[in-house]
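The values are calculated or read from the model by the stated rules, or taken from the named source; none is laboratory data. Keep in mind it's a predicted model, so treat the numbers as computed, not measured. Backbone-built Cβ (ideal geometry, glycine too); neighbour counts: all protein chains shown.
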Amino acid sequence: MLIHVLQIIAVCFTRAADAIARARARARERARSRRSACTMLYLDDHMLRDIGLTRADVVACISSPAQYDPVEFLEVRRERNGRARQPWPDHQSLAA
């Protein structure tokens, strides 16, 4: 009986440790994405417009609370703006 209880406790601790590790990994990934978003401030307005964003979008992303994923934030802004240029056509579509 005691061994069974100890096994249950061990499983609970293992699951809790896994959840903490996943949360820390997500936080590190969001921090890395936020740093990448900071580098977008060095792009000029024309380049930002090419990818469907404005400087205000990038500033809002960087200023958003840490629990928000910067990639998702910018994707939502990009879709909302609807200004992204279409990619260049590939060679096959030009031949058709």
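Summary of values
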{"read-out": "Qualifying residue in region 84-92 (condition: surrounded by 13 or more Cβ atoms within 10 Å (Cβ to Cβ), in a helix (DSSP H, G or I) and either at pLDDT 90 or above or more than 13 Å from the chain's Cα centre (by Cα) (or both))", "value": "no"}
{"read-out": "Among the residues listed as 37, 21, 16, 25, the single one being assigned to a helix (DSSP H, G or I), touching a residue at least 24 places away in the same chain (Cβ under 8 Å) and either out of contact with any Phe, Trp or Tyr (no Cβ under 8 Å at 6 or more places or on another chain) or among the basic types (Lys, Arg) (or both)", "value": "37"}
{"read-out": "Tally, over region 37-69, of residues that are farther than 15 Å from residue 80 by Cβ and surrounded by fewer than 11 Cβ atoms within 10 Å (Cβ to Cβ)", "value": "9"}
